[in-house]
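None of the figures in this text is laboratory data; all of them are computed from the coordinates on show. Just so it is clear, the model here is predicted, and its values are computed rather than measured. Methodologically, a virtual Cβ is constructed for each residue, glycine included, from the backbone with ideal geometry; neighbour enumeration extends over all protein chains shown.
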Amino acid sequence: MRRAAGPGGAGRGTGGADEIPELAGAILDVVDLVPAGRVVTYGDVAEYLGRGGPRTVGSAMARWGGAVAWWRVVSADGSPVAAYRAEALRHLRAEGTPLRPDGRRVDLTRARWNGEPGTGTP
């Protein structure tokens, strides 16, 4: 179970008023699994967990995603979260994540994580 550690952050916890709901903690745990250079969509995370949906994942990421590699979660068209696009693209480029020719979206065909550990090389 995770516990909020500050604004937009999350850490491990055992209880208390700042406890992150179980589903949100599970979402953050999935994001922690995504290797550098790979991405998942909001819908991929929900599908991986077998519950929730893209909006549920987006809400959890908006509230508690600051302590995980939030830039590795993108929209279904490969776009990083709009409010932090420039920062996300800096992280993605630094990790060698394949981008589309426009340079503003991830090339999901090449960069989408398949959910298997150790599959981080794009």
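Here are the numbers for the structure shown:
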{"read-out": "Residue order, fewest to most beta carbons within 10 Å, for Ile27, Ile20", "value": "Ile20, Ile27"}
{"read-out": "Sites Glu116 and Leu23, calculated FRET efficiency, Cβ-Cβ separation with R0 25 Å, nearest 0.05", "value": "0.65"}
{"read-out": "Rounded to whole Hz, the Karplus (6.51, -1.76, 1.60) HN-Hα couplings of the stretch 76-83, x for glycine and proline", "value": "4, 9, x, 7, x, 4, 4, 5"}
